[in-house]
Structures are given as structure tokens and as C-alpha cells.
Amino acid sequence: MTMRKTAISLPEDQLRRLKAAEAAGRIPSVSGHIQELLRRDEETAEVTETLRRLFGDEGAGPEHRKWAERTLGLDAA
């Protein structure tokens, strides 16, 4: 993947928290953290669209959730 550099503007307090998280080792880097957030957002949008196609705008019903819990082994927890 080709990487390109760009500049973004963030509120000072947000940037300060990101840099502190980077310095503390909680995130790999400010840009790496933003990349991960964007990747998650894209993934969430894909999942949301798939669920909308499968279940329509009303979403999965209780029977679907029960099936998923059984399938994932979460019903015993």
C-alpha cells in the first residue's frame, strides 16, 4: 500500500491527549491510531450495510440474536 502524507487539524486538547497516549505507549503513533480508527470505521460501515441487506432497516430480531449467541457459545455465559 502506498502511503502519502497529509495534514489534518485537530483541537489542541485532542492532539495533546493523542501525543500523551503515544508517549505512554498506549497507541503506536498519532497517525497509526488515526489509520486504525479509519479502518474500523470502514469495517463497521461494511458490516452495517451487510446487516441491512440481510435484515432490512428493522435489523436482526430476537430469534437471530439467540441463534448468534448459541453459535458463538455465548448463551451459556
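List of remarks:
- Enumeration of residues in region 1-31 that are in a helix (DSSP H, G or I) and out of contact with any helix residue (DSSP H, G or I) (no Cβ under 9 Å at 6 or more places or on another chain): Glu12, Asp13, Gln14, Arg16, Arg17, Ala20, Ala23, Ser31
- Tally, over region 32-68, of residues that are more than 19 Å from Met3 (Cβ to Cβ), part of a helix (DSSP H, G or I) and not aromatic (Phe, Trp, Tyr): 18
- Scanning region 28-42 for residues that are under 14 Å from Ile8 (Cα atoms) and surrounded by 11 or more Cβ atoms within 10 Å (Cβ to Cβ) yields a count of 6.
All of the numbers you see were taken from the coordinates with simple rules; none came from a lab. Here the structure is a predicted model, which means the values were calculated and not measured. Quick reminder, even Gly has a Cβ in these numbers, built from the backbone with ideal geometry, and neighbours come from all protein chains shown.
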